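> Below are the structure tokens for one structure; questions will follow.
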Amino acid sequence: MKLRSHLFCLSAIIIWSSLEITGKLVGVGIDPFTLTAWRFVIGGVVLLPFAIRQARINKLQINRSSILRIGSLGLLNVCVSMLLLQLSIFHGKASLSAIIISMNPLFVIYFAALLTNEKLSLMQMLSLGAGVLGLCLIVFMDRNIISSPFRNLPLGIIFAIGASLTFGLWTVLTKSEIAKHGNIFTNAVSFLIGGVTLMIINIVIGKPFAFSLSLRNILFMGYLGLIITGAAYLLYFEGMKIISAPRASVYFFLKPALASLLAYVILKETLVWVQVIGMILIVLSLGRGFFMQLFADRSARQNLSPLDFPSTTSVE
């Protein structure tokens, strides 16, 4: 049973690692605004039956205010964070977008301290410093940063940093709703509200509501919505039922390397050795909380904040 749970979590991370590569392969076939909206509407529809089942089993108390709170979180996640991520992929390198968005747990630490007036520990500050140093190495040592074959690599990097920052903020803000209503219900509702709202925004600002129904576009959108935003999420949390959340979250450390490998194999994107060092620094900074849990004594483990671990509350 534990082996199957680990396989579920590993499969989910492998699927999520293909997000940026798939988004890049879409190219100009689907507008980034349209793609993001439909991806989360489709993903929300996939999760909705499971969310309804969760609500019935747990007898969740759902009212207008809770829907409004969850919906506002959906706006932050879909209309801001994930839209910025897709714009980053569209304008820049898929591998850089994947690595930078994977840094969001570090920003979770910062926003949690900012919003709760909790002082950062020395270990947290060192982790943030290592992560920022890794980010600088990845960004400024890229051989394409000045003369780039991409649409606008510097703009893509800015979008990716914005996506990572806002996703970290979303993670902090959504924890209370997840504690009340559960992961699947919270995300299903927020995905649907965020996706539908972005569709409305697209109409207002003149972006396409729909996309060309070519076989290529249908396959890409189906994979992004049904598999990445729907099925992979269910796989991950099914696996997490048996193994603990911190142990499941260790698989998130694989995403920067997996996404970079996929980008190299499929898109022929490369990283120089200094950027690889930067990626390792980011992975080590993300792993701080997990390794603290492994080596700390029981009382210390009980005092660890859940923010010491990578985000396991949502998918990208």
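The values are calculated or read from the model by the stated rules, or taken from the named source; none is laboratory data. In this text, all values refer to a predicted model and were calculated from it rather than measured experimentally. Cβ placement follows ideal geometry from the backbone for every residue including glycine, while neighbour counts extend to all protein chains displayed.
> Starting from residues that are touching a residue at least 40 places away in the same chain (Cβ under 8 Å) and under 23 Å from residue 74 (Cβ atoms), keep the ones in segment 206-219 and report whichever is surrounded by the fewest Cβ atoms within 10 Å (Cβ to Cβ).
To start, the set of residues in segment 206-219 that are touching a residue at least 40 places away in the same chain (Cβ under 8 Å) comprises 207-212, 214, 216-217.
Next, from what is left, pick out any that are under 23 Å from residue 74 (Cβ atoms): 207-211.
Details: 207: 15, 208: 14, 209: 13, 210: 10, 211: 18.
Among them, the one singled out is 210.
> Just the residues that are in a helix (DSSP H, G or I) and touching a residue at least 12 places away in the same chain (Cβ under 8 Å), please, taken from segment 54-73.
Keep residues of segment 54-73 that are in a helix (DSSP H, G or I), which gives 54-58, 64-73.
54, 55, 58, 66, 67, 69, 70, 71, 73 - these are the residues of segment 54-73 that are in a helix (DSSP H, G or I) and touching a residue at least 12 places away in the same chain (Cβ under 8 Å).
> Hey, another quick one. Here's a check for you: in segment 172-204, which residue that is of a type in the set (S, T, N, Q) and over 18 Å from the mean Cα position of the chain (by Cα) is farthest from residue 106 (Cα to Cα)?
As a first pass, look at segment 172-204 and keep what is of a type in the set (S, T, N, Q): 174, 176, 183, 186-187, 190, 197, 202.
From what's left, over 18 Å from the mean Cα position of the chain (by Cα): 176, 197, 202.
On the way: 176: 19, 197: 28, 202: 31 Å.
Only one residue tops the list, namely 202.
> Sort through 135, 155, 128 and tell me the only one that's under 21 Å from the mean Cα position of the chain (by Cα) and buried (at least 20 other Cβ atoms within 10 Å of the Cβ).
Working: 155 fails: buried (at least 20 other Cβ atoms within 10 Å of the Cβ); 128 fails: buried (at least 20 other Cβ atoms within 10 Å of the Cβ).
One residue alone meets the criteria, 135.
> Does residue 189 qualify as being surrounded by 21 or more Cβ atoms within 10 Å (Cβ to Cβ), out of contact with any strand residue (DSSP E or B) (no Cβ under 7 Å at 6 or more places or on another chain) and touching a residue at least 40 places away in the same chain (Cβ under 8 Å)?
Details: surrounded by 21 or more Cβ atoms within 10 Å (Cβ to Cβ): yes; out of contact with any strand residue (DSSP E or B) (no Cβ under 7 Å at 6 or more places or on another chain): yes; touching a residue at least 40 places away in the same chain (Cβ under 8 Å): yes.
Judged against the criteria, residue 189 is a match.
> If residue 36 passes every condition in (1) modelled with pLDDT under 95; (2) of a type outside the set (A, V, I, L, M, F, W, C); (3) under 18 Å from residue 225 (Cβ atoms); (4) in contact with a helix residue (DSSP H, G or I) (Cβ under 8 Å, 6 or more places away or on another chain) but one, which one does it miss?
(1)
> Filter segment 82-111 for residues that are at pLDDT 95 or above and among the small types (Gly, Ala, Ser) and give the result.
88
> Would you confirm whether any residue within segment 177-193 is touching a Leu at 6+ places or on another chain (Cβ under 7 Å), under 23 Å from residue 41 (Cα atoms) and polar (S, T, N, Q)?
Yes - at least one qualifying residue is present in segment 177-193.
> Need the failing condition index for residue 169 against (1) over 18 Å from residue 282 (Cβ atoms); (2) surrounded by fewer than 21 Cβ atoms within 10 Å (Cβ to Cβ), just the number.
(2)
> Just a yes or no: is a residue in segment 15-26 among the hydroxyl-bearing types (Ser, Thr, Tyr), in contact (Cβ under 8 Å) with a residue 40 or more places away in the chain and closer than 19 Å to residue 187 by Cα? Before you say what the answer is, go through the steps one by one.
Residues of segment 15-26 among the hydroxyl-bearing types (Ser, Thr, Tyr): 17-18, 22.
Right, trim to in contact (Cβ under 8 Å) with a residue 40 or more places away in the chain and you get 17-18, 22.
Retained after the next criterion (residues that are closer than 19 Å to residue 187 by Cα): none.
No, because not a single residue in segment 15-26 is among the hydroxyl-bearing types (Ser, Thr, Tyr), in contact (Cβ under 8 Å) with a residue 40 or more places away in the chain and closer than 19 Å to residue 187 by Cα.
> Considering each of 74, 27, 44 in turn, give the residue that is out of contact with any Lys or Arg (no Cβ under 9 Å at 6 or more places or on another chain) and on the phi > 0 side of the Ramachandran plot.
On the way: 74 fails: on the phi > 0 side of the Ramachandran plot; 44 fails: on the phi > 0 side of the Ramachandran plot.
When all the criteria are applied, what remains is 27.
> Sticking with this one: Evaluate the following for residue 11: is it surrounded by fewer than 18 Cβ atoms within 10 Å (Cβ to Cβ), among the hydroxyl-bearing types (Ser, Thr, Tyr) and over 25 Å from residue 254 (Cα atoms)? Give the derivation first.
Working: surrounded by fewer than 18 Cβ atoms within 10 Å (Cβ to Cβ): yes; among the hydroxyl-bearing types (Ser, Thr, Tyr): yes; over 25 Å from residue 254 (Cα atoms): no.
Against the criterion (surrounded by fewer than 18 Cβ atoms within 10 Å (Cβ to Cβ), among the hydroxyl-bearing types (Ser, Thr, Tyr) and over 25 Å from residue 254 (Cα atoms)), residue 11 does not qualify.
> For the condition at pLDDT below 95 and surrounded by fewer than 19 Cβ atoms within 10 Å (Cβ to Cβ), what is the one hit in 75, 60? Give the derivation first.
On the way: 75 fails: at pLDDT below 95.
So the residue among 75, 60 that is at pLDDT below 95 and surrounded by fewer than 19 Cβ atoms within 10 Å (Cβ to Cβ) is 60.
> Still on this structure, please answer the following. Out of 207, 180, report the one residue that is of a type in the set (D, E, K, R), farther than 16 Å from residue 8 by Cα and not in a helix (DSSP H, G or I).
Only one candidate qualifies: 207.
> Now a separate question. Could you run through segment 271-280 and say how many residues are over 21 Å from residue 129 (Cβ atoms) and over 22 Å from the mean Cα position of the chain (by Cα)? Give the derivation first.
Of all residues in segment 271-280, those over 21 Å from residue 129 (Cβ atoms) come to 271-273.
Imposing the further condition that a residue be over 22 Å from the mean Cα position of the chain (by Cα) reduces the set to 272-273.
Result for segment 271-280: 2.
> I need the full set of residues from segment 119-168 which are of a type in the set (Gly, Ala, Ser) and in a helix (DSSP H, G or I), in order please.
The initial filter retains those residues of segment 119-168 that are of a type in the set (Gly, Ala, Ser), namely 121, 127, 129-131, 134, 147-148, 156, 160, 162-164, 168.
Answer for segment 119-168, where residues must be of a type in the set (Gly, Ala, Ser) and in a helix (DSSP H, G or I): 127, 129, 130, 131, 134, 156, 160, 162, 163, 164, 168.
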